[in-house]
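Taken together, the values in this text are just the output of simple stated rules run on the coordinates, not laboratory data. Worth saying up front: this structure is predicted, and the values here are computed from it rather than measured. Here Cβ is always computed from backbone atoms with ideal geometry, including for glycine, and neighbour counts include all displayed protein chains.
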Amino acid sequence: MQPKKPRHSREIAFLREMKDKGTTLIYEPRVFYLSSGSTYTPDFYDPEEDKYYELISTRQRWQQCKDKLRLFQVDYPDINFEIIAKYKKKKSYVLPIKPKTDGAPISLDAIRYRVIEHLNESGMRASSFAKENDINQPTLHRFLVGQTAPNVKNLNKILNGLRDS
């Protein structure tokens, strides 16, 4: 079986750019099975850094795949992973995974990040966190992947669960 080759011009350009820097990447190296029943295949893998890269070439593409990428982070918290946005031909930047909280009221994204961070640090599964804090497991899951916002009652349970840990 022959190795897969990039199809999109920006993927090819990114691969060349990394090769010029002395980094050898593998294209679409592995399929990850997500808890939603869907699959996710990162664009590139750097075996030397043990790091996966997802290249986002348009804002529309980001909107289409951000829920799947969030779910990937929840399901595979130990995977070294970076999202590279290349909306413009000459400019690329890493999309932030951490939400920004400059002392302003805390956002749902910040709470989501804190829950994911707590789960990663404690080694706790989302289902255990939901059970311990009397939160409906599908509700917590939809919140963690950014599909829905919890109601006030569940949001308070999530915040109390973070405070108690």
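Under the simplified labelling scheme, the Leu162-Thr41 pair shows an inter-label distance of 3.6 nm, with each label point 7 Å from Cα along Cα→Cβ.
Using a cutoff of 8 angstrom between alpha carbon atoms and counting only pairs six or more residues apart, the relative contact order for segment 43-89 works out to 50 percent. Sorted fewest first by neighbouring Cβ atoms within 10 angstrom, Ser128, Ser57, Ser36 come out as Ser128, Ser36, Ser57.
Largest first and in whole Å, the equivalent-ellipsoid semi-axes of segment 9-94 read 21, 16, 10, each the square root of five times a Cα gyration tensor eigenvalue.
Evaluated with a Cβ-only charge set (Lys, Arg +1; Asp, Glu -1), segment 9-94 carries a dipole of roughly 720 debye about its Cα centre, given to the nearest 20.
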